[in-house]
Amino acid sequence: MKIIALNGSPRPIGNTSNILNDVFDEFEKEGIEMEIVHLYEYRFMNCNVCLTCEIRGDGRCQDEDDGLNDLLDKLREADGIILASPTYAGACPSVMQTFLERAALVYEKGDLGLNGKIGGAIAVCGHEGASLVYNQLVDFLLRNGVTVCGSNPLPIIHALNSPQYLDDEKGMKGVYALVRNMTSLLMKINGY
């Protein structure tokens, strides 16, 4: 079993990436492989809704040069997906937003490549706006047919500078609950 986690933060070392490193360790304890993909390593073109993906119908974007299609294929092969994002100006950072816009259109107009996968979302904020980010990430997963695991409390962490995420015990409790719930569902689906 393999999970792909997308780090939507433009910061190489920050709360979001550190939280995903903790999540990585938790899944590893359960024998589940996880790969963290840092979206800041990509230079995604903005979607112009050319609908070439619909015309082609093959689950690929017409822009073959920015790595999006390879990432979409990687997500198709995964058993589980985690989307993690900080909150910038009350919403997802531009790199995550661009990914969500392009990926949603390509999957919707192409092959519904995420349908039936297990997923979860994690949002981080310094002050406010994390609920909007969390809902945006969950909405993307649901619209693509992903079974979204919840948690109580929600995996919403309040932290400004890393490693302040460790100070939000309630938010991290939600993150660990998400890992447990995803693990349980993945095990059931795979007959363990």
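The values are calculated or read from the model by the stated rules, or taken from the named source; none is laboratory data. Predicted model only: the values in this text are computed from it and were never measured. Please note: Cβ atoms are built from the backbone with ideal geometry, for glycine as well, and neighbour counts cover all protein chains shown.
Scanning region 34-51 for residues that are over 25 Å from Ile82 (Cβ atoms) and either in contact (Cβ under 8 Å) with a residue 40 or more places away in the chain or crowded, with 16+ Cβ neighbours inside 10 Å (or both) yields Val49, Leu51.
In region 9-32, which residue that is among the small types (Gly, Ala, Ser) and surrounded by 14 or more Cβ atoms within 10 Å (Cβ to Cβ) is farthest from Tyr165 (Cα to Cα)? Going through the qualifying residues, I end up with Ser9. Annotation: Val124 fulfils all but one of (1) under 17 Å from the mean Cα position of the chain (by Cα); (2) surrounded by fewer than 22 Cβ atoms within 10 Å (Cβ to Cβ); the unmet one is (2).
Of the numbered criteria (1) in contact with a Leu (Cβ under 8 Å, 6 or more places away or on another chain); (2) within 22 Å of Val23 (Cα to Cα); (3) buried (at least 21 other Cβ atoms within 10 Å of the Cβ), the one Arg76 fails is (3). Are any of the residues in region 13-22 of a type in the set (Ser, Thr, Tyr) and in a strand (DSSP E or B)? No, that holds for no residue. None of Asp139, Asp111 is within 24 Å of Leu72 (Cβ to Cβ), modelled with pLDDT of 95 or more and surrounded by fewer than 21 Cβ atoms within 10 Å (Cβ to Cβ) except Asp139. Summed over region 95-143, residues that are touching a residue at least 24 places away in the same chain (Cβ under 8 Å) and in a helix (DSSP H, G or I) total 23.
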